[in-house]
Amino acid sequence: MLKGRLGLEKARIPHADRHGLLWLSRGELCVIDGCLHFVRGKDSLTPGIDQIPHQSVSMILLGPGSSVTHDALRLLARHGTLLAAVGEDGVRSYTAPPLLPDRSDVARRQAELWGNQRRRISVARHMYALRLGEHLPHRDLDTLRGIEGSRVKAMYGLMANKYGITWKGRHYDRANPNATDIPNQAINHAATAVQAAAAIAVQAVAALPPLGFIHEDSGQSFVLDIADLYRDSMTLSIAFTAAKQAEKSNEPIDRLVRREAAMVFRKQGVIPSMIDSIQTVLRMDEVRHGAGHDSHT
């Protein structure tokens, strides 16, 4: 067998020392001579073959027009490199097979904070502070949700006015999300895109999606928590920009939103920012510095 065939070599690089995310699209992820390669086909702007340094990458994001071979999956699993099938620039997250990350510190920390009622509320208050720009004295989550809800309603109006959009209020029919007006449809699609980015970030650090601190019922509660941190600064901006573009375009609003979201995600490094936000809300610095007390009260 070839040296290194299917990851038989023992060299392993911890995730903490890896370089982060690698985006690939329009090609085939495969194994050539025992090493991972990405073969870009004729429909790519730059056809060719690239060797992928899979041992130094935490997660590969495989975009539209791509495929992956069985050998490639075995090699990725052997070296603990995560793989996710995503939309263009991370505006959708379709699947991320669990490939057993080499660290559990984030998941253990999340479970530790979530499992203690006092600390769980402390984290929730911290997240509200990040969203609202101030620490509120209230400790009851229903009260905090009410305050945040009223501010969000006001923010909708302010953002609509900023972008010159006619705003008639937030309306959303879960059974028929396309039944509302263009601005509301744009918000729905933008929220989906930002949640996809948050899902990628949560998967990348091996956090636990069901254990949310503000959201509770969804199996993606923590993903929704992280996405909400970016609602005012990103979701509404993407939505209203696309809604304004729709006034002069015949393109479907969902396509306009995806294009705008992809551009924003790429230019602003949204997913790396979300990874940093996860580290912040879980107070991972306390873990790494050996602190065992709760610094946010």
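The values are calculated or read from the model by the stated rules, or taken from the named source; none is laboratory data. Fair warning: this is a prediction, and the values are worked out from it, not measured in the lab. Glycine also receives a Cβ, built like all others from the backbone with ideal geometry; neighbour counts cover every protein chain displayed.
For this structure, a couple of remarks:
- Just one residue in the set A84, A107, A111 is at pLDDT 80 or above, closer than 25 Å to D276 by Cβ, within 21 Å of the chain's Cα centre (by Cα) and surrounded by 19 or more Cβ atoms within 10 Å (Cβ to Cβ); that residue is A84.
- Meets criteria (in contact with a Phe, Trp or Tyr (Cβ under 7 Å, 6 or more places away or on another chain), closer than 30 Å to C30 by Cα and either surrounded by 14 or more Cβ atoms within 10 Å (Cβ to Cβ) or assigned by TED's automatic domain parsing to the domain that holds A262 (or both)) for D71: no
- Residues of the stretch 241-282 classified as modelled with pLDDT of 95 or more, of a type in the set (S, T, N, Q) and assigned to a loop (DSSP other than H, G, I, E, B), total: 0
- Any hit, the stretch 181-190, residues being out of contact with any strand residue (DSSP E or B) (no Cβ under 7 Å at 6 or more places or on another chain), at pLDDT below 90, of a type in the set (V, I, T) and in a helix (DSSP H, G or I): no
- Qualifying residue in the stretch 232-246 (condition: closer than 28 Å to L61 by Cβ and surrounded by fewer than 18 Cβ atoms within 10 Å (Cβ to Cβ)): yes
- The sole residue among L130, L136 that is outside any helix (DSSP H, G or I), of a type in the set (A, V, I, L, M), closer than 23 Å to I214 by Cβ and in contact with a Leu (Cβ under 7 Å, 6 or more places away or on another chain) is L136.
- Of all residues making up the stretch 248-281, the number that are polar (S, T, N, Q), farther than 22 Å from S221 by Cβ and under 16 Å from the mean Cα position of the chain (by Cα): 1
- Taken over the stretch 116-146, the criterion of being of a type in the set (K, R) and modelled with pLDDT under 90 is satisfied by R131, R139, R145.
- Lone qualifier among I226, I187, I200, I165 - being over 23 Å from the mean Cα position of the chain (by Cα), surrounded by 20 or more Cβ atoms within 10 Å (Cβ to Cβ) and under 27 Å from K267 (Cβ atoms): I165
- Residue match in the stretch 40-55 (condition: modelled with pLDDT of 70 or more, of a type outside the set (A, V, I, L, M), in contact with a Cys (Cβ under 6 Å, 6 or more places away or on another chain) and in a strand (DSSP E or B)): yes
- Checking the stretch 213-223 against the condition returns no match, with no residue being modelled with pLDDT under 95, in a helix (DSSP H, G or I) and surrounded by 22 or more Cβ atoms within 10 Å (Cβ to Cβ).
- Test: residue in the stretch 246-254 that is hydroxyl-bearing (S, T, Y), free of Cβ contacts under 8 Å to residues at least 60 places away in the same chain and under 18 Å from R92 (Cβ atoms): no
- Extreme residue, farthest from A206 (Cα to Cα), among residues of the stretch 107-120 that are free of Cβ contacts under 8 Å to residues at least 24 places away in the same chain and in a helix (DSSP H, G or I): Q117
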